[in-house]
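A.B. asks: Would you mind keeping the following structure in view while I ask a few things?
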Amino acid sequence: MTKETINYSDFEKLDIRVGRVVDAKSLEWSEKLLEFEVDFGTELGKKTIFSGIKKWYNPEFFKERLYVFIVNLAEKKMGMGVSQGMMLTVDDSAKPFPVEIIDPVVEGSVVR
């Protein structure tokens, strides 16, 4: 399904950054969510971000790896916590694939 066409100015509103997952936890109170502590460098610091990928991934898989996140979404209460952003994933019929950065880049780098 294709979504409606947007203007570049709409895209510019998204703050998409590279973050390093410094901690990841499986939440006892949720069957779907993993909780990430993500370092976005000196400008943004650390944020807590939830992702509904628990069914497919062990939290240890993410630690000390770089991923792509949207960091300027309004905070959202999720169960017993609050998510301060969103991890970007590629949707596949089998499972979601987190968008990982393999080459070394600085935490907080802007994705365009």
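The values are calculated or read from the model by the stated rules, or taken from the named source; none is laboratory data. Small disclaimer: the values here were computed from a predicted structure and weren't measured. In this analysis, Cβ positions are derived from the backbone assuming ideal geometry, glycine residues included, and neighbour counts consider all displayed protein chains.
A.B. asks: Within the stretch 94-104, work out how many residues are closer than 19 Å to M1 by Cβ and surrounded by 16 or more Cβ atoms within 10 Å (Cβ to Cβ).
C.D. replies: 1
A.B. asks: Only one of (1) surrounded by 16 or more Cβ atoms within 10 Å (Cβ to Cβ); (2) of a type in the set (S, T, Y); (3) in contact with a helix residue (DSSP H, G or I) (Cβ under 9 Å, 6 or more places away or on another chain) is not met by S26, so which one is it?
C.D. replies: S26 satisfies all of (1) surrounded by 16 or more Cβ atoms within 10 Å (Cβ to Cβ); (2) of a type in the set (S, T, Y); (3) in contact with a helix residue (DSSP H, G or I) (Cβ under 9 Å, 6 or more places away or on another chain) except (1).
A.B. asks: Further question: Quickly run through the stretch 1-40 and pick out the residues that are small (G, A, S) and under 21 Å from V71 (Cβ atoms). Before you say what the answer is, go through the steps one by one.
C.D. replies: Initial filter on the stretch 1-40 (small (G, A, S)): 9, 19, 24, 26, 30.
Across the stretch 1-40, the qualifying residues are S9, G19, A24.
A.B. asks: Which residues, counting only those in the stretch 40-59, are among the aliphatic types (A, V, I, L, M) and closer than 17 Å to R17 by Cβ? Let's see the steps before the verdict.
C.D. replies: Start the filter on the stretch 40-59 by keeping residues that are among the aliphatic types (A, V, I, L, M), which leaves 44, 49, 53.
Correct list: L44, I49.
A.B. asks: Moving on to the next point. Scan the stretch 89-112 residue by residue and report those that are free of Cβ contacts under 8 Å to residues at least 40 places away in the same chain and in contact with a strand residue (DSSP E or B) (Cβ under 6 Å, 6 or more places away or on another chain). Before the answer, list the steps.
C.D. replies: If we filter the stretch 89-112 for residues that are free of Cβ contacts under 8 Å to residues at least 40 places away in the same chain, which is where we start, we get 89-94, 97, 99-100, 102-104.
T89, V90, F97, V99, E100 - these are the residues of the stretch 89-112 that are free of Cβ contacts under 8 Å to residues at least 40 places away in the same chain and in contact with a strand residue (DSSP E or B) (Cβ under 6 Å, 6 or more places away or on another chain).
A.B. asks: For a quick check of your reading of the model, give me the residue pairs whose first member lies in the stretch 63-84 and is charged (D, E, K, R), whose second is assigned to a loop (DSSP other than H, G, I, E, B), with beta-carbon atoms closer than 8 Å and at least 6 apart or on different chains.
C.D. replies: Every condition considered, the pairs that remain are E75/Q84.
A.B. asks: Checking R112 against (1) touching a Lys or Arg at 6+ places or on another chain (Cβ under 7 Å); (2) of a type in the set (D, E, K, R); (3) closer than 26 Å to D10 by Cβ, which single condition isn't satisfied?
C.D. replies: With respect to (1) touching a Lys or Arg at 6+ places or on another chain (Cβ under 7 Å); (2) of a type in the set (D, E, K, R); (3) closer than 26 Å to D10 by Cβ, R112 is out only on (1).
A.B. asks: Filter the stretch 79-112 for residues that are among the aliphatic types (A, V, I, L, M) and either at positive phi or at pLDDT below 95 (or both) and give the result.
C.D. replies: M80, A94, listed by residue number.
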